[in-house]
Structures are given as structure tokens and as C-alpha cells.
Amino acid sequence: MKSTIESLVNPQVLSLPPKQAGPVKSPSSIRLDKGELPFAPSPLVIEALGRELTQINRYPEIMGGSLRTKLAQYTQASTDQIILGNGSDDLIELILKVFVGPGDEVILPSPTFFIYQFATTVVGGLPVIVPRNSQFDIEVEDILARHSPKTKIIFLANPNNPTANLTSREKIIELLEKVDSLVVVDECYYEIAAATVADLVDIYPNLLILRSFSKSFGLAGIRLGYAIANKEIIDYLYRLAQLFPVSRLALVAGEAALEDLGYIQDNIDKIIEQRTLLGKSLEDLGFQVYPSSTNFLFARFGDITSKELVENLARREIYIADFGLKQGLDAHYLRIAVGSARENQLLLEGIKELMLSLKNP
Ligand SMILES: Cc1ncc(COP(=O)(O)O)c(C=O)c1O
């Protein structure tokens, strides 16, 4: 007989695996597994957070207050075309709750960001996996071949996570011309990739752009994301959103970050420089490194499995992400965030030592 609690739980939730906390990482460890920026936030953000602390007895503005307006200026959209969320993860779940019901289909060009599939399943939707091509780009005709009257959403991470590549504006327009389901273009890495289709929101009413403060702005810990879409879509999303989805601290951090775009751009320049150096060094060590428009590298290492490599490096307190055997990939794929020059150096030394120890056990 089922335990009482188990019999009460929504079957959709029963099918989900438990969360694993993962290893406790020491402050000195090299953390290149979560796609974070290695730099401290802008001093303006830290000052703004300090000032706001005296106000946290008050609830935040329910629809994002002045940050929503500042984002409208930053994105050249209007305020009623913007919604804020507790990270873009929160907005992905909200979009699914608003648009997808049991039996509806959601197209996922894969491999891609795993939360799309997770959030689809949670609302009873059916993920339709469309494999990307050998360069991990989408093929519009492959998506159209799987598109059906039940298709509600197509998720396109651009650039894509974990594969780091960018789909061209032309392909996105071709897709938008041919479907009337909601096309979510997830531009989580927008400032690093320096490519967007947000200007098309006024032309295509079924286009929604997702953005994040976690990557380019280096604010992953504050949890702040936003979406840009036509007013009608934003209105439906706000109807279901939590009353206070974004904390007062996130709101002021976001505003302050937008006032320090020079600092953000300097960090991006450093990351792009380090990305080139790290990619080259990994290639010298025998890795196949894919072109990246993000702050991480997607790579394949044929000598040992990614699982072995990741576990061995973790023993040295160097963390990178294992994509071996995930979403149609073979056992050798990795995602490595670009760290500071020192972190990247320590990663490379760790890999070299590991390779030596494998040759002379
Ligand atoms: C493509 C993509 N979308 C969304 C997210 C989630 O970002 P956030 O921190 O804003 O929830 C990530 C995080 O890695 C991502 O790679």
C-alpha cells in the first residue's frame, strides 16, 4: 500500500526524481560547472544593495516598479512589453503554466537547456524532441515536420546551452514566418553573444524573448530575469505570476547593474579574451572545442569518458559539467564555464596532471 503522503501527491510530481544537493564545494574550489561569471558584481550594485537593506521590511513593487521602465529603455521596448521573474527559470515555468495544458506539445531542438523539458512535463505537456544538426544548429524543416495542431511552444535557446552556438536571425525569421505557435527565443547570454531578435516582437505577435541578469551581468545569485513580448502575452503572464516574484534586493541590483554598463562590458571583454585562450589550450590538449557565443565552452574529449574526467577533476576540487550520454550525446561531452585567468590556468594544470597520471598509473 502507498504511504498516505505518496497517495496525496500529484502524479506529475511523483514521476520527478529527487533533487541532489551535490558535493559541498570549498570556497577555494574552481567552480566552472554552473556557467557563472567569475567576477564580483559592479560596485554600484553592492552600494545599492547596502542602501536597500533598511527597506526590506516592505514588500517589493508587484510588477517590478521602476526596473520594468528601465528595462524598457534598455531593450527599446515599451514598459507593458516587459515582465520580470525570479531568474529566467521562473519565467520558463510561468510561460508553460500559461500556455500548455495536459497533452499539448512543446518542441525542443535538442540538446538544449534541460529546464524546458522539465517544466513541460510538470504541466502535463508532451516534449517533442527535434535533434539539432551535426553543428548543433536547428533545421527549420525538421521543426516544421514535427509541428502539429497540438504544438503550443517552440523553445529556442540562442545561443544554446550546452552547445554554445548561435542560430542566425534569418533562420529565426524563417521559423516565425511559418508557425503560429509561441516561439520563445531564450537570449540568456544576450550581451555576451551581442545578437538579438527582440526588435521583431512588434512584427511577430507570437515571439517572446527571455533574458537574464545571471550571466552577462554576473548576478546569478540574486535571481533576476525578464521577458519581452507583446502586451497581450505579458498581460496573461502577469495574471498568473506570483504577486511578489522578484525581491526588493533583486530590483535594486538590476537597476544599479543597468547604470554600470561599462563595467559589464569590461567583464564581457575579459571573458571573451579568456574564452579564446582557454579554447586554444584545450584544443592543444586534444579536446574538440565548439564555437562559443557564450561564457562557456562546449567540448568533446575522446581519450576518456566525460564522467571519468569530471569525477577526477572534482577530486582536485575543480568542477566542470558532464554532458556525456545526455540528450543524444555520446559519453564524451563537457561544458566548461570560462573562469578568471587563474582559474582557467588551474583547470588546465589539473587536466594535464590527470592525463599524466592516466599514462603512468
Ligand atoms: C539558455 C538558458 N536559459 C535560462 C537559464 C536560466 O537562467 P536564470 O539564472 O536567469 O534562471 C540558463 C542558465 O544557465 C540558460 O543557459
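Within region 200-215, the set of residues being surrounded by fewer than 18 Cβ atoms within 10 Å (Cβ to Cβ) and either touching a strand residue (DSSP E or B) at 6+ places or on another chain (Cβ under 9 Å) or among the small types (Gly, Ala, Ser) (or both) comprises Leu200, Asn206.
Among the candidates Leu96, Leu71, Leu84, the residue that is buried (at least 19 other Cβ atoms within 10 Å of the Cβ), outside the structural domain of Leu329 (by TED's automatic domain parsing) and either within 12 Å of the ligand (Cβ to nearest atom) or without any contact (Cβ under 8 Å) to a residue 24 or more places away in the chain (or both) is uniquely Leu84. The set of residues in region 216-229 that are open to solvent by 30 Å² or more (accessible area, probe 1.4 Å) and either in contact (Cβ under 8 Å) with a residue 60 or more places away in the chain or β-branched (Val, Ile, Thr) (or both) comprises Ala220, Ile222, Arg223. Counting only helices (runs of 4 or more DSSP H) that sit completely within region 1-112, those holding 2 or more residues that are of a type in the set (A, V, I, L, M) and more than 30 Å from Ser148 (Cβ to Cβ) correspond to 4-8, 43-52, 65-75. Only residues that are within 16 Å of the ligand (Cβ to nearest atom) and either surrounded by fewer than 20 Cβ atoms within 10 Å (Cβ to Cβ) or more than 19 Å from Asn206 (Cβ to Cβ) (or both) were counted in region 128-160, giving 5.
Which of the following residues is of a type outside the set (A, V, I, L, M) and crowded, with 17+ Cβ neighbours inside 10 Å: Phe244, Phe301? Just a single option satisfies the conditions, and that option is Phe301. Screening Thr163 against (1) among the β-branched types (Val, Ile, Thr); (2) within 28 Å of Lys231 (Cβ to Cβ); (3) within 11 Å of the ligand (Cβ to nearest atom) leaves a single unmet condition, (2). When only residues in region 206-251 that are of a type in the set (Ser, Thr, Tyr) and not in a strand (DSSP E or B) count, which is nearest to the ligand (Cβ to nearest atom)? Step by step, filter region 206-251, then rank; the result is Ser214. Applying the criterion of being among the hydrophobic types (A, V, I, L, M, F, W, C) and either within 19 Å of Pro291 (Cα to Cα) or open to solvent by 10 Å² or more (accessible area, probe 1.4 Å) (or both) to the residues of region 183-199, the residue that is nearest to the ligand (Cβ to nearest atom) is Cys188.
The values are calculated or read from the model by the stated rules, or taken from the named source; none is laboratory data. All values reported here derive from a predicted model rather than from experimental measurement. All Cβ positions, even for glycine, are placed from backbone atoms using ideal geometry, and neighbour counts span all protein chains on display. Remember, those area values only see protein heavy atoms, side chains included, never the ligands or the DNA or RNA. Shrake-Rupley method; radii C 1.70, N 1.55, O 1.52, S 1.80 Å.
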